[in-house]
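A.B. asks: Starting off with a structure, shown below.
The values are calculated or read from the model by the stated rules, or taken from the named source; none is laboratory data. Note that the structure is a prediction, hence the values are computed from the model and not measured. No Cβ is skipped: glycine too gets one built from the backbone with ideal geometry, and neighbour counts run over all protein chains shown.
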Amino acid sequence: MTAIPVSPATVPWTLPRRGPVAILFFILAESAIFAVFVSAYLYYIGRSLTGPTPREVLHFPVVMTVCLLSSSLTIHTAKRALARGATATFMRYWLATILLGAGFLYGTAREWYELIAVHHLTLRTNLFGSTYYALVGLHASHVIAGMGMLIIVAAFGLMRRVRAEHAERVDVISTYWHFVDVVWIVVVTVVYVVGR
Amino acid sequence: MTATGIPLTAPTEKDVPSVFNRLRDWAVTVDHKQLGVMYIVFALGFLVVGGIEATLIRLQLAVANNHVVSAHAFNVLFTMHGTTMVFLVGMPILAGFANYLVPLQIGARDVAFPRLNSFGFWVTCFGGLLLNASFLTPALVGGAGGPDVGWFAYAPLTEPSYSPGKATDYWVIGLIIVGFGSIAGAVNIATTILSMRAPGMTLGRMPLYTWITLVVQCMILVAVSPLTAALILLLLDRALGAHFFDTQAGGSAVLWQHFFWIFGHPEVYVLMLPGFGFVSEIIPVFSRKVIFGYPVMVAATVAIGFISVSVWAHHMFSVGMSPAANTFFAISTGLVAIPTGIKLFNWLGTMWGGRIQLRTPMLFAIAFLIQFLVAGITGVMLAVVPFNWQLTDTYFVVAHFHFVLVGGLLFTIFAAVYYWYPKATGRMLSERLGKWHFWLFVIGFNLTFIPQHFAGMLGMPRRVYTFLPERGLEIWNLSSSIGVAFQLAGGACFVWNLIRSFRRGAAAGNDPWDAWTLEWATSSPPPVYNFAGLPMVGSRRPLWDLKHPEDPDWHYE
């Protein structure tokens, strides 16, 4: 093919980068998935035919929430550091993010252990159990997926293979992590504030 | 390949790749054109499967008190017919066209994420196979074969106590997997359109098909994901004993209906809008005129996208919602008719005063205009709540949505295949066979589905496996079943045309229709790299500008 001639109104041509665009579309789809789980939770509040009820067994997860929300700050700092080439600072904050994420998951594990072993609440017990494990489990599985990505980047970082030119990819992961964080604010509000 | 398709010297053994290598080439490809063709071939294969299921349904209903299949088999057939046609024919064939056409229309080398593209296809493919493996469950795990819960899978029929066995689990898991494929594809195509356009192709200069595809991908992301989520909840019920849709434990059957139709109604537009895209490309070329009202067409598309997510409960007027909810959904459903009507008039405005060429793609596009108008009118009728109460769950509804999806969508898909087949293969489809296909299908389609309106108004319910004689239903059902024979004959002409023209069709050249969008600027079939030079775009019809440098479009836009 011969090239088509340049139009008289040639404009400087820049397009949005594909990674940041794609993660936003992905988050749009994920939001719709969470919306269904959240609506199911809200719809079934107080409709369980048997106990235990949320008021009896749930406590506001202060430490977990602090862990996850502050991890948004650390990952943001790490991303900024990488963009200006400060790889050592990047690694420090990146590992801090992983630790905070691990703290969150440990909190979830403790909470589920207590609910199952002490209060005998499972997915089968009542509607509260079904909706609680579905919603909190969906969110926790997203944290686990995010941790997987964080750890892969950390492994490359420890091999000194993460440099400033990878800032855009790291930015995509951090956008996802922020999204998981925002979802947690919704989940906390629905499960531990409205739902109790 | 040379222009005649006949190599000048006999190929040596070294030149011809072995069958294994060629299959391997298709299996590992990340090329958007190859994957697009794979999607389309996969969907056409399942079109045959879904068509056989429909034929069995119509055989059973040809006369009163018939016993071609059992009541259970009939339930399985209409469940799998609906599921197959929506998820394994409609969605993948449109994904195939988007894959093939979008990078070519925007002048890109490939999609934004070629490997994600391959993932999307193979996930869809295996999800479809898993779905159909449910027919084998009696042999594999016992129980009855095939899901019989309807394509909408209303709760609590899907709970383990009502649907024992594993067939429904195959259906649920198959659809979750197919949904992942759709979401991956939508992220990819939408990103491609925003991030990969050739220099100069601003949003306002994109071909209408690409514009519509962008809107459709956004709709897939907000519509298919809720279905995936609802199916995960259903799977938790069936596999782990949760109670979301278990009415015995306080679960709600109506909630499932909301979740399903929040997916199900936007899905209708996800399927239908690409058809609008095809005719928006085809009608201007065969009318030899620019599309009438391009900015309005884009605005109407976006409007349909937004309105479509607020109309879902018009599938639920008979459930017993509040009058306020009924009124809201009746009005929002009626609103869709406005942008859709604008589109119809714009297509007519494009044809008005044009030099219309009645080639096969244009014939299918014109039949689409008329049949889709009927579908739209019955749609508005069904949006009127008291009318809906009378006719919901009757054959009137069946006739309505088959006018949308067959008389509307399938006709535009046929038009698109006749229009772009020369680009993908380098060969023209036979016009003679195409006209046979067209006329047989027009007659067959209308003979099948016009009578169903009347059967429905006489009170024939949907999803019943037989009906009583002497209620005035025989003539409508018999003509409906006879129409299927015409459609099958037309379909046979189509398949034969596809196969025969692949070897013997006339050479197409780069631009057989004298068209204006970028896909016609490269060779047929396009090389792996699509475009040797980076195309520069100065208007909505870059190829017109190239052919008519003395009178380019940017003087007028």
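A.B. asks: Does any residue of segment A:48-66 turn out to be touching a Leu at 6+ places or on another chain (Cβ under 6 Å), within 14 Å of another protein chain (Cβ to nearest Cβ) and either in a helix (DSSP H, G or I) or closer than 29 Å to B:D237 by Cβ (or both)?
C.D. replies: Among the residues of segment A:48-66, at least one is touching a Leu at 6+ places or on another chain (Cβ under 6 Å), within 14 Å of another protein chain (Cβ to nearest Cβ) and either in a helix (DSSP H, G or I) or closer than 29 Å to B:D237 by Cβ (or both), which makes the answer yes.
A.B. asks: Still on this model: Considering every residue within segment A:21-29, establish whether at least one is more than 17 Å from the chain's Cα centre (by Cα) and either facing another protein chain (nearest Cβ under 9 Å) or in a loop (DSSP other than H, G, I, E, B) (or both).
C.D. replies: Scanning segment A:21-29 turns up at least one residue that is more than 17 Å from the chain's Cα centre (by Cα) and either facing another protein chain (nearest Cβ under 9 Å) or in a loop (DSSP other than H, G, I, E, B) (or both).
A.B. asks: Moving on to the next point. Kindly check whether there is at least one residue in segment B:209-217 that is assigned to a loop (DSSP other than H, G, I, E, B) and within 8 Å of chain A (Cβ to nearest Cβ).
C.D. replies: no
A.B. asks: Please indicate, with yes or no, whether at least one residue in segment A:73-89 is closer than 28 Å to A:V193 by Cα, at pLDDT 95 or above and of a type in the set (A, V, I, L, M, F, W, C).
C.D. replies: Yes, the conditions are met somewhere in segment A:73-89.
A.B. asks: Here is a follow-up. How about segment B:220-251: which of its residues are within 7 Å of chain A (Cβ to nearest Cβ) and polar (S, T, N, Q)?
C.D. replies: B:S225, B:T228 - these are the residues of segment B:220-251 that are within 7 Å of chain A (Cβ to nearest Cβ) and polar (S, T, N, Q).
A.B. asks: Suppose we filter segment B:157-199 for residues that are closer than 28 Å to B:F531 by Cα and hydroxyl-bearing (S, T, Y); how many remain?
C.D. replies: 4
A.B. asks: Every residue in segment B:234-249 that is under 16 Å from A:V38 (Cα atoms) and either surrounded by fewer than 24 Cβ atoms within 10 Å (Cβ to Cβ) or at pLDDT below 95 (or both), please.
C.D. replies: B:L236
A.B. asks: Only one of these is loosely packed, with under 15 Cβ neighbours inside 10 Å, assigned to a helix (DSSP H, G or I) and of a type outside the set (A, V, I, L, M): A:Y106, A:Y93, A:Y132. Name it.
C.D. replies: Checking each option against the conditions leaves just A:Y106.
A.B. asks: Further, regarding this structure: Do we have B:I262 as at the interface with chain A (Cβ under 10 Å from one of its Cβ atoms), closer than 20 Å to B:L175 by Cβ, surrounded by 23 or more Cβ atoms within 10 Å (Cβ to Cβ) and not polar (S, T, N, Q) here?
C.D. replies: Considered against the rule, which asks whether it is at the interface with chain A (Cβ under 10 Å from one of its Cβ atoms), closer than 20 Å to B:L175 by Cβ, surrounded by 23 or more Cβ atoms within 10 Å (Cβ to Cβ) and not polar (S, T, N, Q), B:I262 comes out as yes.
A.B. asks: Any residue at all in segment B:166-189 that is at pLDDT 95 or above, within 10 Å of chain A (Cβ to nearest Cβ) and touching a Pro at 6+ places or on another chain (Cβ under 8 Å)?
C.D. replies: no
A.B. asks: Right, here's the next one. Among all residue pairs at least 6 apart or on different chains, which show Cβ distances below 9 Å where the first residue, located in segment B:5-32, is over 27 Å from B:D110 (Cβ atoms) and the second is β-branched (V, I, T) and at pLDDT below 60?
C.D. replies: That search, which allows pairs on different chains as well, returns B:L8/B:T2.
A.B. asks: Determine whether segment A:158-174 contains at least one residue that is of a type in the set (S, T, N, Q) and either surrounded by 17 or more Cβ atoms within 10 Å (Cβ to Cβ) or part of a loop (DSSP other than H, G, I, E, B) (or both).
C.D. replies: Looking through segment A:158-174, at least one residue is of a type in the set (S, T, N, Q) and either surrounded by 17 or more Cβ atoms within 10 Å (Cβ to Cβ) or part of a loop (DSSP other than H, G, I, E, B) (or both).
A.B. asks: Which one of B:V464, B:V484, B:V528 is farther than 30 Å from B:R288 by Cα, under 27 Å from the mean Cα position of the chain (by Cα), away from chain A (no Cβ under 14 Å) and in contact (Cβ under 8 Å) with a residue 60 or more places away in the chain?
C.D. replies: Of B:V464, B:V484, B:V528, the one residue that is farther than 30 Å from B:R288 by Cα, under 27 Å from the mean Cα position of the chain (by Cα), away from chain A (no Cβ under 14 Å) and in contact (Cβ under 8 Å) with a residue 60 or more places away in the chain is B:V484.
A.B. asks: Would you mention how many residues in segment B:190-208 are more than 10 Å from chain A (Cβ to nearest Cβ) and part of a helix (DSSP H, G or I)?
C.D. replies: The number of residues fulfilling the criteria is 3.
Residue-by-condition table, conditions (1) in a loop (DSSP other than H, G, I, E, B); (2) of a type in the set (G, A, S); (3) at pLDDT 95 or above:
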residue	(1), (2), (3)
B:G354	yes, yes, yes
B:M362	no, no, yes
B:I370	no, no, yes
B:F401	no, no, yes
B:L405	no, no, yes
B:G434	no, yes, yes
B:W439	no, no, yes
B:A455	no, yes, yes
B:G459	yes, yes, no
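A.B. asks: Failed condition for B:E281, given (1) closer than 30 Å to B:K166 by Cβ; (2) of a type in the set (D, E); (3) more than 14 Å from every other protein chain (Cβ to nearest Cβ), with all others met?
C.D. replies: All conditions are met except number (1).
A.B. asks: Now, a different point. Restricting to segment B:410-427, count the residues that are out of contact with any Phe, Trp or Tyr (no Cβ under 7 Å at 6 or more places or on another chain) and either surrounded by fewer than 21 Cβ atoms within 10 Å (Cβ to Cβ) or farther than 15 Å from B:P361 by Cβ (or both).
C.D. replies: Summing the residues that are out of contact with any Phe, Trp or Tyr (no Cβ under 7 Å at 6 or more places or on another chain) and either surrounded by fewer than 21 Cβ atoms within 10 Å (Cβ to Cβ) or farther than 15 Å from B:P361 by Cβ (or both) in segment B:410-427 gives 1.
A.B. asks: Tell me the residue from B:L56, B:L77, B:L61, B:L101 that is in contact with a helix residue (DSSP H, G or I) (Cβ under 9 Å, 6 or more places away or on another chain) and surrounded by fewer than 20 Cβ atoms within 10 Å (Cβ to Cβ), please.
C.D. replies: When all the criteria are applied, what remains is B:L56.
A.B. asks: Given the residues A:R55, A:R47, A:R84, which is the only one that is basic (K, R), in contact with a Lys or Arg (Cβ under 8 Å, 6 or more places away or on another chain) and in contact (Cβ under 8 Å) with a residue 12 or more places away in the chain?
C.D. replies: Just one listed residue meets the conditions, A:R55.
A.B. asks: Okay, moving on. Go through segment B:378-399 and count every residue that is of a type outside the set (S, T, N, Q) and within 24 Å of B:A54 (Cβ to Cβ).
C.D. replies: 9
A.B. asks: Condition first: under 22 Å from B:W151 (Cα atoms), in contact (Cβ under 8 Å) with a residue 60 or more places away in the chain and of a type in the set (S, T, Y). Now tell me which residues in segment B:300-323 satisfy that.
C.D. replies: Matches in segment B:300-323: B:S308, B:S318.
A.B. asks: Sticking with this one: Hey, among B:T378, B:T394, which residue is farther than 30 Å from B:P525 by Cβ, in contact with a strand residue (DSSP E or B) (Cβ under 9 Å, 6 or more places away or on another chain) and in contact (Cβ under 8 Å) with a residue 12 or more places away in the chain?
C.D. replies: The match here is B:T394.
A.B. asks: Looking at A:L58 and the list (1) touching a Phe, Trp or Tyr at 6+ places or on another chain (Cβ under 9 Å); (2) within 30 Å of B:H258 (Cα to Cα); (3) surrounded by fewer than 18 Cβ atoms within 10 Å (Cβ to Cβ), which single condition is not satisfied?
C.D. replies: Every listed condition holds for A:L58 apart from (3).
A.B. asks: On to the next question. Out of the residues in segment A:110-129 that are assigned to a helix (DSSP H, G or I) and surrounded by 15 or more Cβ atoms within 10 Å (Cβ to Cβ), which is farthest from the other protein chains (Cβ to nearest Cβ)?
C.D. replies: A:E111
A.B. asks: Specify which of the listed residues (B:T158, B:T168, B:T137) is among the hydroxyl-bearing types (S, T, Y), part of a helix (DSSP H, G or I) and within 17 Å of B:F244 (Cα to Cα).
C.D. replies: B:T168
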